[in-house]
Every structure is written in structure tokens, then in C-alpha cells.
Amino acid sequence: MRVFPRAGRRTRIAVLALLGCVPGLAAALVVVLCAPGADHSVAVHLAAPAPASPEGRFRAPRPPIVPRSVWLDATVRRTQPPPRYDDKVVAVFVHHTDSPNGYSCAQVPEIIRRLYSGQTGDRAWDDIGYNFLVDRCGTIYEGRAGGTERAVVGAHTQGFNHRTAGIAALGTFTAGVPVPRAMADSIAAVAAWKLGLADVDPRTSARLVSSNGRSRYRLGTVVALPAVAAHQDGYRTNCPGAALIDRLPEIREAAARLQGRAPQAPPPTAARPTAPTAPAATAPTAPPPGTAPATAPGTAVAIPPGTATAPPSGPAAVTPSGGTAVSEGPAASGGPVGTPAPTAPGALRKAPPLPGPLEAPRKP
């Protein structure tokens, strides 16, 4: 279209006034009309930008990934079939390689080569099982062939290799072993990027179908597993180790932040129960003359020599001499249960508990 060649001041004002009623049109033309030298014909594109796709709202940036060509050379490379693909990745499984931790980061390509040789040789797999590997320095390596951006079917979690990606931490992370901060951060970065491609929140669950009865679930079972799961969530194993499992909540939250999601509110804390108030202590009262002092069950009382004792309240065993046997446990001398312990005059004897109403003493 043509835009009013050599338009005068009044013409420009009139046009701008008319365009004020059309949102976006005035903004597109104001530069043409008011710029110096805008006297020739100018092509103006009025199409508005397309709205952002909801699926791309929480996409995280792709972290730096070292290609497999760095660690895979002709000396160990094997002929393998073409990679298989799923439509998307909705969950990632975190592993550890169960290998020594005291490596230098310069040794990592050799370590991955050995893992590849073991899995494709001794186990006869077609490729390394993990989609990604992360070393203690936080470097991310491409594992299984097929393209890091695509949903490559791996061989990392028996029964749950479809629509998932396997991320292996190089080392052994059983209880008490520290997980390097750089490693945890890189695991979160890979998880955020891969899950963001399918708009999956790393803190949620994913519905997966077990494809193998040797997993934790029967073949064909639909199960909800964490979007950032431990290997042991899908298979009977201790992998990725207790120390790395303990870090998974932190990794999930870090991945969600990388996707631009708001942090989750911490769960409400339950109110602590208040301790019961102890009753106020009262001064003991002296018993009336001629009355035996009251005692709590299980307490010992001293009885002077030659003092007559009243039978205890409640059922009691009667001795041949008419007294009561107050020993209810094994005798101090090692006799059988229920045998009265020999006592010397003036010795401490254990008074019985008060189990029921008063009863008259039984005759021997």
C-alpha cells in the first residue's frame, strides 16, 4: 500500500487521529509518517506476532553437552542397529554407574568408553544404556546414539525405557557419600531441558506403562512415577544410592526453577503438642497413730523387728505362719517365681500393688 506521499502537517494529524481507533495500526505507521524523509512509498506489514505456545512456556535452555564422538573411537565402536524413538520424554530416571569416585575429570572419556565396552560386550547391548552421563565436575556427556534433542529409547530402567531418559552420575553414591554440587546442578539442567520440551513440571508425576514383568510392576501396569525418578522407583535395585536419592527433591526444585516455574510453598508444619502440666506437690500427711503408712505399689518400707503387720489389701498369698508373701518376682536368692524371699528382721520388703477392693485375709 502507499502512504500519502508528501503529506502535509494537517494531513498527518488527521490520519493519526483516525488510526487512534485501530489498536496496533497507529504504532505500525507512526514511524513512517513522522520520520524525516518518509516521503516515498514504504511497504508496511500489519500482521501481529503469533501468541506464545503454552507448551513452550516453561522450556529450559539446552545445557552444554559433550558429543559422543569425544569418548567413542574406532577401537571400541561396534556395529549397532538404528536408534528407536518415542514421541516425547515425560520422565527421567537418575542412576549412578557404581564405579570409583576418585577419578579426574580428564579421565571421564576413558571411563565412559569402558562402560560402553562392558554394556555392548559382556551384556550384548546394542549401545550404552544411558542417554546422558554427568561427571563430578558437572560436565554432561551424550550417551546413547540418536540425537540429544530427540526422545531416544534407552536401555537404563528395565520396564520403563519408553518416553523416558536415563541420566547417569559417574561414581557410587551410597549413604554418606557426598554428591558434588556441580554434578547435582547438571543433572537438574538436563532434566529441566528434556522435560521442558514436553512441558512437564519436574516436581510432578508421570503416567508410565511397564513394558517388562521384571520391573517393579507387572507387564502392562499403568503407574504414576516421579517425573524425576530414581532408578529404584521402577526396578528392584539400590541405584542411584541413598546419598543421591536424598538429593532428588532439591534437584527437582532446581529443574523447575530453570524452567521458570514458581517455587512450591513448603508443606504446613503440624503444631507441636504441649507438654502436660505436672500437678503441684503436696506435703505428706502423717498417718494416724497405730496405722501403717500408705505406700505406692512397688515401694519398699522398713518394718521394725517384732512389729505386727496388717495383711495387704487385695488378694495376697498367705504364708504358713499367717503372714503375707510380698515377693511377686524371682527371689533374690535365685528361687522360682512366687517363692517368698527370706528376709532378716528390719530388712526392706516390697509392698504389693493395690489391684482391687479390700478383702478379708484368707485362713491358712
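The values are calculated or read from the model by the stated rules, or taken from the named source; none is laboratory data. The structure presented is a predicted model; accordingly, all values stated were derived computationally and were not measured. Neighbour counts are summed over all protein chains in view; Cβ atoms, including those assigned to glycine, are modelled from backbone coordinates with ideal geometry. Each accessible area value is taken on the protein alone, full model and side chains, heavy atoms only, with ligands, DNA and RNA left out. Shrake-Rupley method; radii C 1.70, N 1.55, O 1.52, S 1.80 Å.
Summary table below
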| quantity | calculated |
| --- | --- |
| Count of residues meeting criterion [small (Gly, Ala, Ser), crowded, with 16+ Cβ neighbours inside 10 Å and outside any loop (DSSP other than H, G, I, E, B)] in segment 206-226 | 1 |
| Tally, over segment 152-162, of residues that are open to solvent by less than 40 Å² (accessible area, probe 1.4 Å), more than 18 Å from residue 66 (Cα to Cα) and either of a type in the set (A, V, I, L, M, F, W, C) or in contact with a Ser or Thr (Cβ under 6 Å, 6 or more places away or on another chain) (or both) | 4 |
| Number of the condition not met by residue 75 [criteria: (1) open to solvent by 60 Å² or more (accessible area, probe 1.4 Å); (2) not in a loop (DSSP other than H, G, I, E, B)] | (2) |
| Scan of segment 101-116 for residues that are under 14 Å from residue 141 (Cβ atoms) and surrounded by 12 or more Cβ atoms within 10 Å (Cβ to Cβ), ordered by number | 103, 105, 107, 108, 109, 111, 112, 113, 114, 115, 116 |
| Residue that is nearest to residue 92 (Cα to Cα) [pool: residues in segment 117-131 that are of a type outside the set (S, T, N, Q) and open to solvent by 10 Å² or more (accessible area, probe 1.4 Å)] | 130 |
| Residue within segment 168-181 that is more than 22 Å from residue 225 (Cβ to Cβ) and touching an Asp or Glu at 6+ places or on another chain (Cβ under 6 Å) present | yes |
| Test result for residue 123, out of contact with any Lys or Arg (no Cβ under 8 Å at 6 or more places or on another chain), part of a helix (DSSP H, G or I) and without any contact (Cβ under 8 Å) to a residue 24 or more places away in the chain | no |
| Verdict on residue 136 being outside any loop (DSSP other than H, G, I, E, B), over 25 Å from residue 211 (Cα atoms) and among the charged types (D, E, K, R) | no |
| Residues that are in contact with a strand residue (DSSP E or B) (Cβ under 6 Å, 6 or more places away or on another chain) and not small (Gly, Ala, Ser), drawn from segment 153-169 | 156, 157, 160, 164, 167 |
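For (1) surrounded by fewer than 24 Cβ atoms within 10 Å (Cβ to Cβ); (2) modelled with pLDDT of 95 or more; (3) closer than 14 Å to residue 96 by Cβ, each residue gets a yes or a no:
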site	(1), (2), (3)
139	yes, yes, no
164	no, yes, no
168	no, yes, yes
175	yes, yes, yes
185	yes, yes, no
188	no, yes, no
201	yes, yes, no
